[in-house]
1. Which of the residues that make up the stretch 162-187 are surrounded by fewer than 17 Cβ atoms within 10 Å (Cβ to Cβ), in contact (Cβ under 8 Å) with a residue 12 or more places away in the chain and part of a helix (DSSP H, G or I)?
2. For the condition of a type in the set (D, E, K, R) and within 13 Å of the chain's Cα centre (by Cα), what is the one hit in E110, E163?
3. Pick from the stretch 33-87 the residues that are among the basic types (K, R) and within 15 Å of the chain's Cα centre (by Cα): which of them is farthest from D23 (Cα to Cα)?
4. If you take the residues of the stretch 123-156 that are assigned to a loop (DSSP other than H, G, I, E, B) and either at pLDDT 95 or above or polar (S, T, N, Q) (or both), which of them is surrounded by the fewest Cβ atoms within 10 Å (Cβ to Cβ)?
Amino acid sequence: MESLRLIHLFFFFLVIGAASASDVGEEFIRTSCAKTNFPGLCFRSLSPHATAIRTSPTQLVGKALTVALSGARTTSMQLSTMSKTKKGMREIQAKAMKDCVENVRTTVEELRKSIKQMDHLGGQSLGFQINNMQTWVSAALTGANTCLDGFSGKSMDGSLKNEVRVKISHLAKLTSNALALVNQLVA
């Protein structure tokens, strides 16, 4: 009977400890995300990782980069599929899609480099490493936004342009949030 009480007590404190770690992590994420351009999306995308992040800025940045990379990979696959299966595309639209797919692939590579840098963050070259990450994530954001340039003008209006805009807009927001959080490492 006494051992059963101890087991219940152990699990009670385990659950309470996990809940408080999650609460602390969520508040840290909320405060950090408030400094981004898209705080709601930032919090929604990172709060599931609150227990792992806790109050660690590097864990927060690492998860933000991972979320952005996942979004970039998904967007890349979606755009690639659209470029191959979309019926009735005019030549100019097909060229814009091809360029867009390439830009998003570049975004994926820039985010990968940033995540790899996170694995080796520290030491005397910390400032240089963070600067590299800022450059790469900024380039990732530029690549995503450049995709939309090919769809500018009245001749590109239509459902294809709207579909691409929605996908790229979400990716750009995730990447912008990641960049803002990287910038907080040096603030």
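The values are calculated or read from the model by the stated rules, or taken from the named source; none is laboratory data. Given the structure is predicted, the values throughout are model-derived calculations rather than measurements. When we count neighbours, we look across all protein chains shown, and the Cβ atoms used for this are built from the backbone with ideal geometry, even at glycine.
1. Answer for the stretch 162-187, where residues must be surrounded by fewer than 17 Cβ atoms within 10 Å (Cβ to Cβ), in contact (Cβ under 8 Å) with a residue 12 or more places away in the chain and part of a helix (DSSP H, G or I): E163, R165, H170, Q184.
2. Step by step, each of E110, E163 is checked, and only E110 is of a type in the set (D, E, K, R) and within 13 Å of the chain's Cα centre (by Cα).
3. Ranking the candidates gives R73 first.
4. So, considering only residues that are assigned to a loop (DSSP other than H, G, I, E, B) and either at pLDDT 95 or above or polar (S, T, N, Q) (or both), the one surrounded by the fewest Cβ atoms within 10 Å (Cβ to Cβ) is Q124.
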